[in-house]
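Visitor: The structure is given below, and queries will be raised subsequently.
A short reminder: the numbers here are calculations on the coordinates, not readings from a lab. None of the values given here were measured: they were computed from a predicted structure. Don't worry about glycine lacking a Cβ; one is built from the backbone with ideal geometry, like all the others, and counts go over all protein chains shown.
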């Protein structure tokens, strides 16, 4: 028996489009394997929203090329409230651009969605940085899911491992290589390429953003380790409480010296715990070959969790870019509804 | 509000005792963090069962030293049927010794438990090897959980990653170092120590079983990759359909040659897929430094999943031995009952 799951998507950039294509590509498989029919009920972006004909989506995989606002069903000024207020229960899937200071527009979207009984699956980080505690409390109170794999290294299952695979243990520490761009640049520096050339290469290959400072100065890692730490270790830290250092001051000489000693320098987001003193910080650190993240090179990511009863568990890999993020959001949606796996 | 979860434990060897101690140690934390009160209602072993006074357990952490059959509440001849038939719904946690050919006694236990509306959490492998398909079908039909992290590398979250973190993707391949003993011995061989000395060291350090042939000949790996493959990739293979080779024919010379080439030899359990041809096999393989399991040394374990939409995801580590297995079973129990993590 097929269970219909209405989905409202906010944000229609590269990630939003990848998610729409993935929904279409995977629809038959999801029906068969999970007994779920994921119906895209609306796509909202700046300026309005699009409601597919017939109230659902039978979209060929390539159809995201056609702009939303030239389609039948485009409604200028359509709001999240208006769509959710009249629709059936389901999931708000959000991939709007983040504002890390205000958390808007997602913060308003998420509160509206939770107030109206919708689960939330987020790729955007802003609202979760600004008010994770409030959002989680509301979700729990209403018995709703608040999932954000897409915001915490996407296809690398950081949160699944932290909250599901490590259930019942105490997380004593976390160390993560959480930004592919900086790991790539460090690797190139180690090969003797200059910082500016490595950065240019990362940009030309689509690895780094046109404005790469968020990555290079450690803020992308900071946001991810913050969200992982708050979620996995039950904390309520804000970005301003994290000491953040990036990779601008790492020289080829420092990397070469580390290498000579058989070590490597990685940009790590870390949670450390000494008695009741919990600290979250971001900075370059030298690690040796016995460290489980030692071999995480290139654009790869990875995270290690140090626990009391389950030992050290490390997860590495995961597809990067919008397709990987879209696949992580699909995973989150499926895990809200499926029976015991 | 605290939800009471009755637990019946079958098997009281090292793993069963570790689970009882862990329940006692973690009880307050589990109450506070998960809102669950895990009550041990009975412990069954060969010859009878023990029902704690007052119908529940307030057991000091060290109390497993006292034999069950000298305690008040010991009932000779007590059966699983008798206990489950009169008890409230809950979980059967099984860690009886496995018979890989017949699957008994677990197979009868699991069918009884599922028929009577109990979830099943297993550390023992026999029943799952013999009749996974039948057990899973029954569990799904009844809306019950059948979880067995404890049987599939325990604290290394192989099944969580495969079934939860990779939801919505196609698993195109699996490669795993799933037996700590063989990985340890291969490492020692590479260091120039003889096979028999390496084996003796593993035995004296409690890594290898007194009869190590199950590990060395690849069968421990075979059982684990079989269970992971059947569960993760929806297969219905039996042990007899797997080609299994162990590490007896690996010489120090072969390892040295691999090392000279910058490679390593690992005993891998593998699932490969070419079109509709799915193959599961166990054997030593040469891997190079770019392989995500290259750095998994000593008694460590790890598994890589190759997928279509989420890329390659690798998980490594996890505590070994009875305490790690007990912690993996506790995790499974918690994940049956908790709300959205």
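Visitor: When a footprinting reagent is the concern and you count Cβ atoms within 10 Å, what order do B:331, A:263, A:41, A:133 take, fewest first?
Guide: On the way: B:331 25, A:263 17, A:41 20, A:133 14.
If I rank by nearby Cβ atoms, fewest first, I get A:133, A:263, A:41, B:331.
Visitor: Now for a separate question. Could you calculate the FRET efficiency of residue B:108 with residue A:241 from 1/(1 + (r/R0)^6), where r is the beta carbon distance between them and R0 is 45 Å, rounded to 0.05? Don't skip to the answer; put the middle values down first.
Guide: Working: r = 55 Å, r/R0 = 1.23.
Calculated transfer efficiency: 0.25.
Visitor: Which whole number gives the average, over all residues in A:153-160, of C-beta atoms from other chains lying within 10 Å of the residue C-beta? Intermediate values should be presented prior to the final figure.
Guide: Details: counts 0, 2, 9, 5, 9, 1, 2, 9.
Mean shielding by partner chains, rounded to a whole number: 5.
Visitor: Of all DSSP beta bridges in chain B, what percent run antiparallel (nearest 5)?
Guide: Details: 31 of 51 bridges.
Of the beta bridges lying entirely in chain B, close to 60 percent run antiparallel.
Visitor: For B:132, A:148, what ranking results if the residue with the fewest other Cβ atoms within 10 Å of its Cβ goes first?
Guide: On the way: B:132 21, A:148 26.
The fewest-first ordering by Cβ neighbours comes to B:132, A:148.
Visitor: To the nearest 10 degrees, how steeply does helix A:126-142 sit against the main Cα axis of chain A, on a 0 to 90 scale?
Guide: Once rounded, one gets 60 degrees.
Visitor: Only bridges whose two residues both fall in the stretch A:235-313 count here: according to DSSP, what percent of them are antiparallel, nearest 5?
Guide: On the way: 13 of 15 bridges.
Of the beta bridges lying entirely in the stretch A:235-313, close to 85 percent run antiparallel.
Visitor: If you don't mind, there's one more thing I want to ask. Compute the semi-axes of the equivalent ellipsoid of chain B, taking the square root of 5 times each eigenvalue of the Cα gyration tensor, and list them largest first in whole Å. Display every interim value, and only then the final one.
Guide: Numbers: eigenvalues 255, 104, 65 Å².
That gives 36, 23, 18 Å for the three semi-axes.
Visitor: Put the label 7 Å from Cα along Cα→Cβ for residue B:257; what are its distances to the other copies, in nanometres, shortest first?
Guide: Relative to the other copies, residue B:257 has label-point distances of 4.3 nm.
Visitor: Moving on. As a footprinting exposure proxy, order A:119, A:111 by other Cβ within 10 Å, with the fewest listed first. Kindly include the intermediate steps, with their values, before the conclusion.
Guide: Details: A:119 25, A:111 16.
In increasing order of surrounding Cβ atoms, one gets A:111, A:119.
Visitor: Can you pull the one-decimal nm distance between simple spin-label points at residue A:46 and residue B:3, each 7 Å off the Cα toward Cβ?
Guide: 4.3
Visitor: Using the Cα gyration tensor of the stretch A:232-288, with a ≥ b ≥ c the square roots of its eigenvalues, what is the shape: rounded (a/c below 1.5), prolate (a/b larger than b/c) or oblate (neither)?
Guide: Values: a/c = 3.89, a/b = 2.04, b/c = 1.91.
It comes out prolate by the Cα gyration axes.
Visitor: Here's a follow-up. Quick one: label points 7 angstrom along Cα→Cβ at residue A:191, distances to the other copies in nm, smallest first?
Guide: 3.4
Visitor: Count the DSSP beta bridges whose two residues both fall in the protein assembly as shown, then state the antiparallel fraction as a percent rounded to the nearest 5. All intermediate terms of the calculation are to be shown ahead of the outcome.
Guide: Numbers: 67 of 107 bridges.
Antiparallel bridges make up about 65 percent of those DSSP assigns within the protein assembly as shown.
Visitor: Moving on to the next point. Nearest 10 degrees, 0 to 90: what angle lies between the long axis of helix B:321-337 and the longest principal axis of chain B (Cα atoms)?
Guide: So the helix axis and the longest Cα principal axis differ by about 60 degrees.
Visitor: Also, quick follow-up: Quick one: label points 7 angstrom along Cα→Cβ at residue A:213, distances to the other copies in nm, smallest first?
Guide: Values, ascending and in nm: 6.9.
Visitor: Moving to a separate point now. Need one word for the protein assembly as shown: rounded, prolate or oblate. Basis is the Cα gyration tensor (sqrt eigenvalues a ≥ b ≥ c); a/c below 1.5 gives rounded, then a/b vs b/c decides.
Guide: Details: a/c = 1.66, a/b = 1.22, b/c = 1.36.
Note, shape of the protein assembly as shown comes out oblate.
Visitor: Same structure again: What distance in nm separates the simple spin-label points at residue B:141 and residue B:213, each placed 7 Å from Cα in the Cβ direction?
Guide: Calculated label separation equals 3.8 nm.
Visitor: How far, in nm, would the chain grow between residue B:29 and residue B:191 when pulled straight, counting 0.36 nm per residue and subtracting the alpha carbon separation? Intermediate results must be reported in sequence, preceding the final value.
Guide: Working: separation 162, 0.36 × 162 = 58.32 nm, distance 4.37 nm.
Gain on extension, residue B:29 to residue B:191, equals 54.0 nm.
Visitor: Nearest 500 deg cm²/dmol is fine: what mean residue ellipticity at 222 nm does chain B get from its DSSP H runs of n ≥ 4 alone, each adding -39,500 (n - 2.57), divided by its residue count?
Guide: Value at 222 nm, helices only, nearest 500: -11000 deg cm²/dmol.
Visitor: Next question. Under the rule a/c < 1.5 gives rounded, and otherwise a/b versus b/c splits prolate from oblate, where does the stretch B:159-318 land using the Cα gyration tensor?
Guide: Numbers: a/c = 1.93, a/b = 1.59, b/c = 1.21.
Prolate, since a/c reaches 1.5 and a/b exceeds b/c.
Visitor: Note the angle between two axes, namely the Cα long axis of helix A:14-34 and the longest principal axis of the Cα atoms of chain A, as a number of degrees from 0 to 90, rounded to the nearest 10.
Guide: Roughly 70 degrees between the two axes.
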